[in-house]
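Note sheet for the following structure.
The values are calculated or read from the model by the stated rules, or taken from the named source; none is laboratory data. This is a predicted model, so every value here is computed, not measured. Glycine gets a Cβ as well: all are built from the backbone with ideal geometry, and neighbour counts include every protein chain shown. These accessible areas exclude ligands, DNA and RNA; they are computed on the full protein's heavy atoms, side chains included. Shrake-Rupley method; radii C 1.70, N 1.55, O 1.52, S 1.80 Å.
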Amino acid sequence: QVQLLESGGGLVQAGGSLRLTCAASGELATANTMGWYRQAPEKQRELVAFITDGGTAKYADSVKGRLTISRDNTENTVYLQMNSLKPEDTAVYYCYVREFFSSRSYWGQGTQVTVSS
């Protein structure tokens, strides 16, 4: 069983920075994609960014140039560096991992990010 543990959320002023961390434990296939979704109140969950085990990263247009995703394959950990935060970035951020061959997906419990204006 794979478990994901997130950390790093919190309250920050607009223009500030936060770094989210998500560590996967258990038997995780090497070929996988890790990433982050977010869900703001009364809005649908949206994809923020993902990164493959080979290091290819993709971002939502709304976060390009401000958020950076990275990963440590040896530690099965994914990071989301968030700079120049805006109030509209306020949401619960969920990390996930999807195994390439089995298509099994696992989710973290979510971490709250609040950006004050």
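With +1 on the Cβ of every Lys and Arg and -1 on the Cβ of every Asp and Glu, and nothing else charged, how large is the dipole of region 20-97 about its Cα centre, in debye rounded to the nearest 20?
Values: 8 positive and 9 negative charges, 50 e Å.
The dipole magnitude comes to about 240 debye.
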Just going by the charge dipole of the chain, with Lys and Arg at +1 and Asp and Glu at -1 on Cβ, which of 3, 101, 69 is farthest out on the positive end?
-> 69
Given labels modelled 7 Å from the Cα in the Cβ direction, how far is it in nm from residue 14 to residue 57?
-> 2.5 nm
For residue 7, tell me the accessible area in Å² from a 1.4 Å probe, rounded to the nearest 10.
-> 60 Å²
Pseudo-spin-label distance residue 100 to residue 72, built 7 Å along Cα→Cβ, given in nm, is 2.2 nm
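Loop by DSSP (not H, G, I, E, B), at most 15 other beta-carbon atoms within 10 Å: where is the longest site-free stretch of the chain for chymotrypsin sites (Phe, Trp or Tyr not before Pro)?
Details: sites that count: 100, 101.
Longest run free of exposed loop sites: 1-99.
Within 10 Å of each candidate Cβ there may be at most 15 other Cβ atoms; applying that plus a DSSP loop requirement, which GluC sites (Glu not before Pro) in region 21-117 survive?
27, 42, 75
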